[in-house]
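Everything on this sheet refers to the single structure shown next.
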């Protein structure tokens, strides 16, 4: 479908939606419907802005707002100044210092229709001569809006949009984002502004988002819905290390306050200065005279964005002249000189063949839509997560339905809705409980504390179902695959097929049983010859001496991944000490006494894990099997007996090193007391750079951070380049399907 036809289709879709909504209001009066919409939108705003956990797509949300806007226009007597159509969403959070924007930070009106965009241009043309109506067309980054403030060239703070008037200070996160200069330098002799607010967006690359989700799924955690939610959650974390582990990026595009006034005449001029100062800018910036030319740029960007490595959901069109912007002015929540053209998500219709249930290693049950294969946004989609029982009920999905499928953020497939007119009369409501009984799975939705940090708030029923029986063959296979994974015990050649055979043949019930596996038993596995059997046994044998944190990670404690496992290993120094730790000791190790909800959940998970007798027995079995279960004075951990020459230092790795793998270099640094960060900041101690080092190297030079190569790094630690390392672990962590 051509872009023009697609835009026209969605214009018709929006109109039909609004018409249907108005017709359906035969029972509620316009006043009641307006109040319903305001309440519903306010709830979605809370989920989107404050919790970074929306339950509907942007497109569905925009339709609700369009309906409300149409009703308020038709019934001005019900207009209200605090209506969602007239205010900016509020993303302010507790725990952050608040500062006012010198110039309000507004949102943008948006449209999905070329016709509505041309109407916007026509309104501008009434006040501005046609030969002056020059636009800039840029990608609309799907991230979190930010304002960077500089005074006399020095970085002062970074603020979120907040409520448009004041925002949260997120400076401690921004220092970990590459591309934000600590200081602006005069260019070509031009004096620096006394004060300047530079507006932009913080985002997460698609590949980084997929990497984090893969890790979460391996840990039995719910994957994030889209990069924007994850970005928002990261910068609103009380722990700045989150923005180091989750590599965030930024683009800048606009201007807030600037003193002296008149420093810049156009956005194009501002853009060139931002580039000279070292800020990251999007490659595409279309310059267009008039609405028709801007429309062509919108279409061009619509094709280019499909190959961008970061999420975009539209185009932003702004008048280039700052003087003309001031002439047109602003509304209460948006400027009159700019608009966002949002690309309607590409959708496809297909059949919901089945709803299957998949079980993670923690016993969590997740429903999955099995679809008639269909092409969406360039790839074939045959499966999509349905998240939980409530999601199925909310969308009223039934097996056999014709459904509309799209990719959330053009990344993760999701079922948007069913097609009512194509539903079969005998379509049955999906019952989660009945499906569990049919499969012979005993499960429950356990009660949990609403806020573990405040038990007095009471309990609620968990959203997800969990299996009651924690020792099924399927779960044994899942745990075995996870235990053998690269971030756990790193046992090569132990993938899903091998794990399944080991469990089915009765050779292995728990991960500890691996260490009693014989060469003769390995030979009995399908497609195994002497060499493959020897490789498996050798890999298992080598894992006995792995670092303690790997064993802790391999236990599969909910919420405890690689980073927390390292913290626990360093704090307790033995599996026995961790197993017998008190609540206060665990809390102090993880969150240093801070009573945050997330921290309390992790503490509770650890204590609950070691309260179970079978888990304590598993730990004893590891000891009996001769695994490394402690950090002794020497020989049992990489850092033991090693001089802590990097204590307190933060390293950044960039480029391709001649002989070291990044994981190897990271281990060497951490073994000597150092930390490895994902981005360069003023806190970075040293950058270890290899071939094809990019922006991180430039940032290091800009900040005066020391840069060394592999040879110098190895000289400092007194080692030579390692031999070729063992092959990557091929174990899969896909979930089980029933």
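The values are calculated or read from the model by the stated rules, or taken from the named source; none is laboratory data. Keep in mind the model is a prediction, meaning the values are calculated, not measured. Here the Cβ positions follow ideal geometry from the backbone for every residue, glycine too, while neighbour counts run over all protein chains shown.
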For this session: Return a yes/no flag: does segment 536-545 have any residue that is surrounded by 18 or more Cβ atoms within 10 Å (Cβ to Cβ), out of contact with any helix residue (DSSP H, G or I) (no Cβ under 6 Å at 6 or more places or on another chain) and more than 26 Å from residue 94 (Cβ to Cβ).
Result: yes
For this session: For segment 106-123, state whether one or more residues are in contact with a helix residue (DSSP H, G or I) (Cβ under 8 Å, 6 or more places away or on another chain), assigned by TED's automatic domain parsing to the domain that holds residue 304, closer than 27 Å to residue 703 by Cβ and buried (at least 18 other Cβ atoms within 10 Å of the Cβ).
Result: no
Problem set entry | Residues located in segment 299-315, provided they are within 18 Å of residue 113 (Cα to Cα) and surrounded by 21 or more Cβ atoms within 10 Å (Cβ to Cβ) | 301, 312, 313, 314, 315
Seminar exercise, completed: When restricted to 119, 109, the only residue without any contact (Cβ under 8 Å) to a residue 24 or more places away in the chain and within 27 Å of residue 70 (Cβ to Cβ) is 119
For this session: State which residue is nearest to residue 175 (Cα to Cα) when the search covers only segment 677-692 and only residues that are at pLDDT 85 or above and in contact with a helix residue (DSSP H, G or I) (Cβ under 8 Å, 6 or more places away or on another chain).
Result: 684
Exercise. Where residues in segment 324-370 are without any contact (Cβ under 8 Å) to a residue 60 or more places away in the chain and in a strand (DSSP E or B), which of them is surrounded by the fewest Cβ atoms within 10 Å (Cβ to Cβ)?
Worked result: 354
For this session: Look through 182, 218 and report the one residue that is assigned by TED's automatic domain parsing to the domain that holds residue 332, touching a helix residue (DSSP H, G or I) at 6+ places or on another chain (Cβ under 9 Å) and modelled with pLDDT of 80 or more.
Result: 182
Problem set entry | Number of the exception - residue 288 against (1) closer than 22 Å to residue 121 by Cβ; (2) not in a strand (DSSP E or B) | (2)
Seminar exercise, completed: When restricted to 244, 316, the only residue within 28 Å of the chain's Cα centre (by Cα) and closer than 23 Å to residue 334 by Cα is 316
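Output the number of residues of segment 654-676 satisfying the condition of being under 21 Å from residue 172 (Cα atoms) and touching a helix residue (DSSP H, G or I) at 6+ places or on another chain (Cβ under 8 Å).
Keep residues of segment 654-676 that are under 21 Å from residue 172 (Cα atoms), which gives 674-676.
Retained after the next criterion (residues that are touching a helix residue (DSSP H, G or I) at 6+ places or on another chain (Cβ under 8 Å)): 675-676.
Qualifying residue count, segment 654-676: 2.
I'd like the full set of residues that are crowded, with 24+ Cβ neighbours inside 10 Å and either in contact with a helix residue (DSSP H, G or I) (Cβ under 6 Å, 6 or more places away or on another chain) or at pLDDT below 90 (or both), limited to segment 482-493. Before you say what the answer is, go through the steps one by one.
As a first pass, look at segment 482-493 and keep what is crowded, with 24+ Cβ neighbours inside 10 Å: 482-484, 488-489, 491.
Hits for segment 482-493 are 482, 483, 488, 489, 491.
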Problem set entry | Residue pairs meeting the criteria (Cβ under 6 Å; at least 6 apart or on separate chains; first under 14 Å from residue 689 (Cβ atoms), in segment 709-720; second surrounded by 12 or more Cβ atoms within 10 Å (Cβ to Cβ) and modelled with pLDDT of 90 or more) | 713/688
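Quick check: is even one residue across segment 512-534 outside any helix (DSSP H, G or I), closer than 16 Å to residue 471 by Cα and touching a residue at least 12 places away in the same chain (Cβ under 8 Å)?
Just the residues of segment 512-534 that are outside any helix (DSSP H, G or I), to begin with: 517-518, 524-529.
Those left that are additionally closer than 16 Å to residue 471 by Cα: none.
Scanning segment 512-534, I find no residue that is outside any helix (DSSP H, G or I), closer than 16 Å to residue 471 by Cα and touching a residue at least 12 places away in the same chain (Cβ under 8 Å), so the answer is no.
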Exercise. Condition test on residue 643, is it in a loop (DSSP other than H, G, I, E, B) and at pLDDT below 85?
Worked result: yes
For this session: Scan segment 547-573 for residues that are on the phi < 0 side of the Ramachandran plot, surrounded by fewer than 18 Cβ atoms within 10 Å (Cβ to Cβ) and either at pLDDT 90 or above or more than 27 Å from the chain's Cα centre (by Cα) (or both) and report the count.
Result: 2
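Answer yes or no as to whether residue 374 is touching a strand residue (DSSP E or B) at 6+ places or on another chain (Cβ under 6 Å), under 18 Å from residue 226 (Cα atoms) and not in a loop (DSSP other than H, G, I, E, B).
Details: touching a strand residue (DSSP E or B) at 6+ places or on another chain (Cβ under 6 Å): yes; under 18 Å from residue 226 (Cα atoms): no; not in a loop (DSSP other than H, G, I, E, B): yes.
The answer is no for residue 374.
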Exercise. Given the conditions (1) closer than 20 Å to residue 340 by Cα; (2) not assigned by TED's automatic domain parsing to the domain that holds residue 34, and given that residue 65 satisfies all but one, which numbered condition is not satisfied?
Worked result: (2)
For this session: Go through segment 155-173 and give me each residue that's in contact with a helix residue (DSSP H, G or I) (Cβ under 8 Å, 6 or more places away or on another chain) and not in a strand (DSSP E or B).
Result: 170, 173
For this session: From (1) touching a residue at least 60 places away in the same chain (Cβ under 8 Å); (2) in a loop (DSSP other than H, G, I, E, B); (3) under 21 Å from residue 181 (Cα atoms), pick out the condition that doesn't hold for residue 283.
Result: (1)
Exercise. Do we have any residue at all in segment 405-417 that's touching a helix residue (DSSP H, G or I) at 6+ places or on another chain (Cβ under 8 Å) and without any contact (Cβ under 8 Å) to a residue 24 or more places away in the chain?
Worked result: yes
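Only one of these is loosely packed, with under 13 Cβ neighbours inside 10 Å and under 20 Å from residue 231 (Cα atoms): 77, 97. Name it. Don't jump to the end; show me each part of the working.
Numbers: 77 fails: under 20 Å from residue 231 (Cα atoms).
Exactly one of 77, 97 is loosely packed, with under 13 Cβ neighbours inside 10 Å and under 20 Å from residue 231 (Cα atoms), namely 97.
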For this session: Could you run through segment 60-110 and say how many residues are closer than 16 Å to residue 46 by Cα and part of a helix (DSSP H, G or I)?
Result: 5
Exercise. Out of (1) closer than 16 Å to residue 565 by Cα; (2) part of a loop (DSSP other than H, G, I, E, B); (3) modelled with pLDDT of 80 or more, what's the single condition that is false for residue 604?
Worked result: (2)
For this session: Output the number of residues of segment 259-280 satisfying the condition of being surrounded by fewer than 18 Cβ atoms within 10 Å (Cβ to Cβ), in a loop (DSSP other than H, G, I, E, B) and touching a strand residue (DSSP E or B) at 6+ places or on another chain (Cβ under 6 Å).
Result: 1
